[in-house]
Amino acid sequence: MEFNLTRDLCFFDLEATGLNIVRDRIMQIAIIKYFADGREPAELEMLINPGVLISMEAMAVHGITPKDVARKPTFQQVAQEIYDFIGDADLAGYNSNRFDIPMLMEEFARVGIDFDVSKRNLLDMQRIFYKMEPRTLKAALKFYTGKKMVNAHDALADVRATIDVYRGQLERYQDEDYEDGDGNIIKRPIRNDVKAITDFTNDDRFVDVTQKIKYNDEGVAVFNFGKHTGKPVGEVLYKDRQYYHWIQDKEFSVQVKKATKQFLKEYEQKMREQQQEQNEA
């Protein structure tokens, strides 16, 4: 099955020194790019010297050792090549919305590149899978294609498996409706349409992928953690600048830091407009 694309689509996978998207670093990246104009897909794969210690847990998973990456380039040295390869493409992966995408954003931010995903469609095969058949990538590959996983946790092998899973999901669910827990039915949500699947699988209540900020039932952005849980972000930061600076200085994602800056700016503007109205009254 050929993908129905209106914009280029990059399937990608990362292997890292650990699971903390802010503290840990990328060690391997693999990308397969599909073009909207029908050209043959392009591939990019590389090992990267993370410059930090690799956790034993991570090595046990992907098998990449310090010796493997000792003479490899740093992310700063390859960042522009990766950025240019992706271009303005949509992004796809397995568990990519919660791990690969935010980690890649952090790496780009550290070298001064603003990797904006706000206007991209973000396809996560795990979200499709968990919505329809909650299991693992290995099980997904066998379930949808009948294939066995080979070289699991090698980035390029995982990308290829993810692409096979996506093809299998499109074929399996193309004529199937989805019914949620409240009995609401969505007609054919899994079809050969990147935007439609993104809308179906992504939870737009959350402002950032780490789910630190979300929109409440009134559409107001509120904190989803800590002492200000449930309180409006803009109002809290306007009244408590120390809390704002704490967020900017601590290990929060680039998305959270950018969002808090924006919500504070919007609230400040709202306060100025209210003050002007009062002065004119």
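Computed from the coordinates by the stated procedures, all read-outs in this text should not be read as laboratory data. These numbers were taken from a predicted model, which means no experiment stands behind them. As a convention, Cβ positions derive from the backbone with ideal geometry for all residues, glycine included, and neighbour counts pool all protein chains shown.
Could you give the size of the charge dipole of region 213-280 about its Cα centre, using +1 on the Cβ of each K and R and -1 on the Cβ of each D and E, expressed in debye and rounded to the nearest 20?
Numbers: 12 positive and 11 negative charges, 76 e Å.
Here region 213-280 has a charge dipole of around 360 debye.
Could you tell me the center-to-center distance, by alpha carbons, between region 21-91 and region 201-220 in angstrom?
28 Å
Could you check what % of the DSSP bridge pairs in the chain are antiparallel, to the nearest 5?
About 70 percent, rounded to the nearest 5.
Taking the Cα of R188, stepping 7 Å toward and past its beta carbon, and measuring to each backbone N in region 1-22: which are under 16 Å?
What the label zone holds, given the 16 Å backbone N cut-off, is 2-5.
Given region 9-201 reduced to its alpha-carbon atoms as identical point scatterers, what log10 I(q)/I(0) does the Debye formula return at q = 0.12, 0.13, 0.15, 0.18 Å⁻¹?
-0.60, -0.71, -0.93, -1.27
Which of M271, M125, M149 moves most in a GNM of the chain, Cα contacts under 10 Å?
Fluctuation is largest for M271.
Counting other beta carbons within 10 Å of each Cβ, put V159, V254 in order, fewest first.
Taking fewest neighbouring Cβ atoms as first place, the list is V254, V159.
Using the beta-carbon distance between M56 and Q76 and R0 = 22 Å, what value does 1/(1 + (r/R0)^6) give for FRET efficiency, to the nearest 0.05?
Efficiency, rounded to the nearest 0.05: 0.30.
Give me the Kirkwood hydrodynamic radius of region 213-280, using the inverse of the mean 1/r over all pairs of distinct Cα atoms, in Å to one decimal.
Taking the inverse mean of 1/r over all distinct Cα pairs, region 213-280 comes out at 12.6 Å.
Report the trypsin sites (Lys or Arg not before Pro) located in region 107-187 that are in a DSSP loop and have at most 11 other Cβ atoms inside 10 Å of their Cβ, or state none.
Values: sites: R110, K119, R120, R127, K131, R135, K138, K142, K147, K148, R160, R167, R172, K187; in loops: K119, R120, R135, K147, K148, K187.
Sparse-neighbourhood loop trypsin sites (Lys or Arg not before Pro): K119, K148, K187.
Along each principal axis of its Cα atoms, how long is region 131-281 end to end? Whole angstroms, biggest number first, please.
Principal-axis extents of the Cα atoms in region 131-281, largest first: 70, 36, 24 Å.
Given the options D88, D182, D116, state which has the largest fluctuation in a GNM of the chain using a 10 Å cut-off (strictly under) for Cα springs.
D182
Which value, in debye to the nearest 20, gives the size of the charge dipole of region 1-127 about its Cα centre, when Lys and Arg are +1 and Asp and Glu are -1 at the Cβ?
Dipole about the Cα centre, nearest 20: 360 debye.
Can you list the GluC sites (Glu not before Pro) in region 150-206 that are in a DSSP coil and have 16 or fewer other beta carbons within 10 angstrom?
E176
Compute, for the chain, the length of the dipole vector about the Cα centre, with Cβ point charges of +1 (Lys, Arg) and -1 (Asp, Glu) only. Units Debye, rounded to 20.
In debye, rounded to 20, the chain gives about 740.
Counting only helical runs of four or more DSSP H residues, what would the 222 nm mean residue ellipticity of the chain come to if each run contributes -39,500 (n - 2.57) and the total is spread over all its residues?
Result for the chain: -13000 deg cm²/dmol, rounded to the nearest 500.
Can you tally the lysine pairs in region 9-201 where the Cα-Cα distance is under 16 Å and the two residues are eight or more apart, or on different chains?
5
Towards the positive end of the charge dipole of the chain, with charges on Cβ (+1 Lys, Arg; -1 Asp, Glu), say which of I185, V111, G63 has the farthest Cα.
Ranked along the dipole, the leading option is G63.
Calculated FRET efficiency, D240 and N279, Cβ-Cβ r, R0 25 Å, to nearest 0.05?
0.45
Are there GluC sites (Glu not before Pro) in region 203-281 that DSSP puts in a loop and that have at most 15 other Cβ atoms within 10 Å, and which ones?
Taking region 203-281 and a limit of 15 other Cβ atoms within 10 Å, the loop GluC sites (Glu not before Pro) found are E218, E251.
Starting from the Cα-Cα distance between R7 and K138, subtract it from 0.36 nm times their residue separation and give me the gain in nm to one decimal. Write out the running numbers ahead of the final one.
Numbers: separation 131, 0.36 × 131 = 47.16 nm, distance 2.86 nm.
Additional length available on full extension: 44.3 nm.
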